[in-house]
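The block underneath contains the structure these notes are about, expressed in structure tokens.
The values are calculated or read from the model by the stated rules, or taken from the named source; none is laboratory data. These numbers were taken from a predicted model, which means no experiment stands behind them. Methodologically, a virtual Cβ is constructed for each residue, glycine included, from the backbone with ideal geometry; neighbour enumeration extends over all protein chains shown. Protein only, heavy atoms only, side chains kept; ligands, DNA and RNA dropped before computing areas. Shrake-Rupley method; radii C 1.70, N 1.55, O 1.52, S 1.80 Å.
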Amino acid sequence: MPLPVASESEMRRRLIVALDVPDAHAAVAAAQLLQGHVGMLKVGLELFVAEGPEVVRRLRGEVPELEIFLDLKLHDIPNTMCGAIRSARSLGCRFITVHAGSGLAHLKACVAEAGPELGVLAVTVLTSQDAAACAEAGHTRTPSELVPMRAAIARAAGCAGVVCSGQELAGVRAAAPGLACVVPGIRPAGADVGDQKRVMTPGQAIADGAAYLVVGRPILGAPDPAAAADAIVADMLAGAEAN
């Protein structure tokens, strides 16, 4: 699936800001500040557990031009996962995450429940994990081996895409051609990597074929979040033009 022609507006559409904030007030304030600078808002576990589904409804009402990515990383029996997806679909979210390690049958059930309006993204290996962390968790394969395998399963299940680090983009594109790659662990050059292990700059990730980038702390923790988002969009555009 070819990506759209590079433009500033297209790069902005492909930039997702992670609303890793403690409450709805902070989430709405950040969203209002960043509308026109990013294309999507990621609601993760911290915010969703604190505020519940109502925070999604509120964001959709306050900033309707921004899509919602519900990042809950579901991993349970198929019936439970499908029930959660059914509820998420009613909220009007664009994407929801499930763990690719759930397996093919689980992923197929999730995709069927989600229908065409809600894209299921399969999380391959968390970007906070490296080869040592995978080994500690009992895996016999490294992230560079696990990620393409799980991407192939996600493609076979009909998922909208996968979540992977920028370092595995080439492997995913080879193992699962045409599958959209959503890349967290994005850090501008020289930025603090924090608890991330497998990171990449925005421009390089776009050049390597990322469909969307997820950025949290480098934007929300900046003195001027809107300017930080604009700088990331500029780097994305440079990466797309260099490709």
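Entry remark, segment 171-188: residues being of a type in the set (A, V, I, L, M), outside any loop (DSSP other than H, G, I, E, B) and open to solvent by 10 Å² or more (accessible area, probe 1.4 Å) number 3 in total. Under the condition of being modelled with pLDDT of 65 or more, open to solvent by less than 60 Å² (accessible area, probe 1.4 Å) and part of a loop (DSSP other than H, G, I, E, B), the residues counted in segment 127-137 number 3.
Comparison of Ala84, Ala109, Ala105, Ala100 shows that the only residue that is over 18 Å from Leu41 (Cα atoms), in contact with a Lys or Arg (Cβ under 6 Å, 6 or more places away or on another chain) and among the small types (Gly, Ala, Ser) is Ala100.
Tally the residues that are closer than 19 Å to Glu117 by Cβ and either out of contact with any Leu (no Cβ under 6 Å at 6 or more places or on another chain) or in contact (Cβ under 8 Å) with a residue 60 or more places away in the chain (or both), restricting the search to segment 40-52. Even if it seems obvious, please write down each step before you answer.
The first filter runs over segment 40-52 and keeps only residues closer than 19 Å to Glu117 by Cβ, leaving 40-43.
Subsequent filtering for residues that are either out of contact with any Leu (no Cβ under 6 Å at 6 or more places or on another chain) or in contact (Cβ under 8 Å) with a residue 60 or more places away in the chain (or both) retains 40, 42.
So the count comes out to 2.
Whenever a residue of segment 6-26 is open to solvent by less than 20 Å² (accessible area, probe 1.4 Å), its partners that are among the acidic types (Asp, Glu) and in a strand (DSSP E or B), lying with C-beta atoms within less than 8 angstrom and at least six residues away or across chains, give the pairs Ala18/Asp71.
Within segment 86-109, residues that are under 17 Å from Ala211 (Cβ atoms) and touching a residue at least 12 places away in the same chain (Cβ under 8 Å) have Cβ atoms under 8 Å from residues that are assigned to a loop (DSSP other than H, G, I, E, B) and open to solvent by 20 Å² or more (accessible area, probe 1.4 Å) in these pairs: Phe95/Ala160, counting only partners at least 6 apart in sequence or on another chain. Selection within segment 99-112: residues that are at pLDDT below 95 and either open to solvent by less than 30 Å² (accessible area, probe 1.4 Å) or in contact with a strand residue (DSSP E or B) (Cβ under 7 Å, 6 or more places away or on another chain) (or both). The member of this set that is nearest to Val147 (Cα to Cα) is Ala100.
Condition check for Val56 on (1) open to solvent by less than 60 Å² (accessible area, probe 1.4 Å); (2) under 22 Å from Ala228 (Cα atoms): one failure, at (2).
The criterion of being buried (at least 16 other Cβ atoms within 10 Å of the Cβ), over 24 Å from Pro177 (Cα atoms) and not aromatic (Phe, Trp, Tyr) holds for Glu67.
Summed over segment 197-228, residues that are in contact (Cβ under 8 Å) with a residue 24 or more places away in the chain and outside any helix (DSSP H, G or I) total 14. Which ones in segment 70-85 are part of a strand (DSSP E or B), open to solvent by 20 Å² or more (accessible area, probe 1.4 Å) and free of Cβ contacts under 8 Å to residues at least 40 places away in the same chain? Those that are part of a strand (DSSP E or B), open to solvent by 20 Å² or more (accessible area, probe 1.4 Å) and free of Cβ contacts under 8 Å to residues at least 40 places away in the same chain: Leu72, Leu74.
Part of a strand (DSSP E or B), farther than 19 Å from Leu126 by Cα and open to solvent by less than 40 Å² (accessible area, probe 1.4 Å): does that describe Ile96? Spelling it out, it is not the case that Ile96 is part of a strand (DSSP E or B), farther than 19 Å from Leu126 by Cα and open to solvent by less than 40 Å² (accessible area, probe 1.4 Å).
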